[in-house]
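One structure below.
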Amino acid sequence: MATKDAGPVICNSCNGAIHGRIVTALDKKWHPEHFTCKSCHKPIEGAKFHQHDGAVHCVPCYTKFLSPRCHGCGDPITDRVIQALGVSWHAHHFVCGGCRKELAGGGFMEQAGRPYCSLCYADQFAARCAGCVQPIVDKAIIALDAKWHRECFKCNKCRSPVTDATFSVMDNKPLCGKCA
């Protein structure tokens, strides 16, 4: 049984026959000089390239023109990208706006477009307790035109927590039912 000759290999770019070295990429064949970067139009050397919107780009052009830019420094991101607050970040630039600790692996709070760790957010932006002046990060009691930690809303005389729904007020401070 005779084998049929498949004929010459055809270049995907110029449709000409390829004799000699062949570049195989993206399931197609190319003359080495025709497998070029869409941005700089130079032949792509080696095996590394990027495909974007159906076009091929060399690594330097992809990095320069198409890589996401870090919101923190403006440089291209060529490794791990953090997507947060609608923008891209280098992992080491996605930091708390207060303590500057990296936030890449954990949760964060946002204030005016900047990320904050929970401690800095509470310290800088949370409501303050009228009793102890510390940030309130959980449930609060709202009374006497202020917010209070549950444990800080105490009778002004006996210092026991006021737990009843009704209480008395003296000098804008709560009094429990026993002390009223």
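Our coupling estimate for region 122-129, obtained by passing each phi through the Karplus curve with A = 6.51, B = -1.76, C = 1.60 and θ = phi - 60°, is 4, 5, 8, 10, 6, 4, 9, 6 Hz, Gly and Pro reported as x.
The distance separating the Cα centre of region 107-140 from that of region 149-180 comes to 26 Å. Per residue, the chain reaches -1000 deg cm²/dmol at 222 nm when only DSSP H runs of four or more residues are counted, each adding -39500 (n - 2.57). Given springs between every Cα pair under 10 Å in a Gaussian network model of the chain, which of A84, A130, A165 has the largest fluctuation? Highest fluctuation of the listed residues: A165.
At each listed q (0.14, 0.17 Å⁻¹), what is the log10 of I(q)/I(0) that the Debye formula gives for the chain modelled as equal alpha-carbon point scatterers? Listed by q, the Debye log ratios stand at -0.88, -1.02.
Restricting the trypsin sites (Lys or Arg not before Pro) of region 1-98 to loop positions (DSSP other than H, G, I, E, B) with no more than 13 neighbouring Cβ atoms within 10 Å leaves K4, R21, K48, R80. Measuring between alpha carbons in the structure, the pairs from K139/K173; K42/K64; K29/K64; K38/K64 lying more than 22 angstrom apart are K29/K64. Within a Cβ distance under 15 Å of C129, other residues only, what is the Lys/Arg minus Asp/Glu net charge? With Lys, Arg at +1 and Asp, Glu at -1, the neighbours total +2. What is the local net charge at C40, summed over the other residues whose Cβ is closer than 15 Å to its Cβ (Lys, Arg +1; Asp, Glu -1)? So the environment of C40 carries a net charge of +2. Going through region 113-180, which trypsin sites (Lys or Arg not before Pro) have at most 10 other Cβ atoms within 10 Å and a DSSP loop state? Here the trypsin sites (Lys or Arg not before Pro) that fit, given the DSSP loop and packing criteria, are K139, R159, K178.
Close amide H pairs (under 5 Å, H built 1.01 Å from N) link S88 with H71, residues at least 5 positions away or on another chain.
When only alpha carbons of region 9-66 are considered, Rg and Dmax amount to 11.3, 34 Å.
The residues packed around A140, meaning those with a beta-carbon under 9 Å from its beta-carbon, carry a net charge of +2 if Lys and Arg are +1 and Asp and Glu are -1.
So what does log10 I(q)/I(0) come out to for region 128-180 at q = 0.15, 0.17, 0.26 Å⁻¹, using the Debye formula with one equal point on every Cα and no solvent? Here log10 of I(q) over I(0) equals -0.35, -0.45, -1.01. Under the combined filter of DSSP loop state and at most 12 neighbouring Cβ atoms within 10 Å, region 21-59 retains none of its chymotrypsin sites (Phe, Trp or Tyr not before Pro).
FYI, it's all coordinate maths here, none of it is from the lab. None of the values given here were measured: they were computed from a predicted structure. Cβ atoms come from the backbone with ideal geometry, glycine included; neighbour counts cover every protein chain shown.
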